[in-house]
Amino acid sequence: MSYILNLEDVDKSLVSLVGGKNASLGEMIKVGIRVPPGWSVTTESYLAFITQTGIKEEIFGILSFVDTEDMKSLDSAGQRIQSLVNGESMPVGIEEAIRESYVRLSETSGGENVPVAVRSSATAEDLPTASFAGQQDTFLWVTGTDEVVKSVQKCWASLFTPRAISYRIKNRFPHEKVLISVGIQKMVDSRTAGVMFTLNPTDGDPSKVLIEGSWGLGETVVSGSVNPDRFVVDKIVMEINERVISTKHIECTHDRAKGGVVNVDVEPDMQCKCCLDDEEIRELVRIARIIEEHYGCHQDIEWAIDKDISFPESVFIVQSRPETVWSQRQTAPVIGKKSGYQLLMERAMKRIKIQE
């Protein structure tokens, strides 16, 4: 039984074992994208946990009586199941595999108790036709084997939040078919982070890349708690067509005293300063083109730039998923016999000839 798989050993063929998020990370590693090192706690670990602890039948028994139109029913079911999952002891073999993998990652990262991100990766997430984004939990800046083990179990439990239960029922995803893996990766100590789309989500223009970023960890941008800097960049010539610098009043950062992440005020002289250099913007666009070309569809990408590493090795991709809004409006595939990049180049050349 595969309790643990390194990210460099996974790809989209292993979605059933490592979930959508982890499979995507493995795919990107294979095409040379810089991804923080780490591994996946597989769905087989999750299945072994709920089976060996004897809670599997009780979980699905509770779910069979859920009324999605009744918030009390959803809340009650979610609380009961999450208490079940968090209340059980993890089987020894799974726990040992997690502990050993964390120690190895710490050793290869040149330290002890390296900070990691512990992120849920469900088998039915990151689909072009359905978004499960944010439904399962993520834990940042986790240190120590005990805390990593606890965080993995909390990720498993988050498969049964009221929101996740309701979404699966309404979109006709059978509960027993949606499994959960967990990804553990070395933390990027972000100077700045954010998201980017390989089209302009405002009008669906596929010749543009939209980048949004802010200071610190990317959670403030993803959650919408800060108004980020915004850049619209031509995918072909790398020209920055739009540049909007916002007042970024808070940043998400690691608090060593509290042992977790917190939102803090940004220094006044940094609030209106651009969070990205032009060379970093162009590097992000270059990476976005590679990812889009590999997947053959528009992507919604999360990125981070490490404050302690020199450029361009400082630029990391922490997630990529299919863009779900404009992709569902497409009547024809983005990639045909010619690659998306080739088609964009042809369009650009036509525009140049017309101008001449």
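The values are calculated or read from the model by the stated rules, or taken from the named source; none is laboratory data. Since we're looking at a predicted model, the values are computed, not measured. Don't worry about glycine lacking a Cβ; one is built from the backbone with ideal geometry, like all the others, and counts go over all protein chains shown. To get the accessible areas, we keep the full protein, side chains included, count just its heavy atoms, and leave off ligands, DNA and RNA. Shrake-Rupley method; radii C 1.70, N 1.55, O 1.52, S 1.80 Å.
Data for the structure
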item: Positive-pole candidate from THR161, GLN52, CYS297, dipole of the chain, charges at beta carbon; result: CYS297
item: Size of electric dipole in region 185-224: Cβ of Lys, Arg +1 and of Asp, Glu -1, about Cα centre, debye, nearest 20; result: 160 debye
item: Residues of the chain: accessible area per residue with a 1.4 Å probe, Å²; result: 47 Å²
item: Whole-Hz couplings from phi, Karplus 6.51/-1.76/1.60, listed for region 228-237; x for Gly and Pro; result: x, 5, 9, 9, 10, 10, 5, 5, 8, 9
item: Dipole magnitude of the chain about its Cα centre (Cβ charges: Lys, Arg +1; Asp, Glu -1), debye to nearest 20; result: 1020 debye
item: Net charge over other residues, Cβ less than 15 angstrom from the Cβ of CYS272 (K, R count +1; D, E count -1); result: -1
item: Highest to lowest packing among 177-188, 72-83, scored as the average C-beta count within 10 Å; result: 177-188, 72-83
item: Within region 30-67, backbone nitrogen closer than 15 Å to the virtual label 7 Å beyond the Cα of GLU8 toward Cβ; result: 30-40
item: Rounded percent of accessible protein surface that carbon and sulfur make up, the chain, 1.4 Å probe; result: 50 percent
item: Partner aspartates and glutamates for LYS56 [C-alpha distance under 15 Å; skip if fewer than 8 residues away on the same chain]; result: GLU44, GLU88, GLU176
item: Among 305-318, 214-227, the order from most to least packed when residues are scored by Cβ within 10 Å on average; result: 214-227, 305-318
item: ASP70-ARG256 FRET efficiency (beta carbon distance; Förster radius 45 Å; 0.05 resolution); result: 0.55
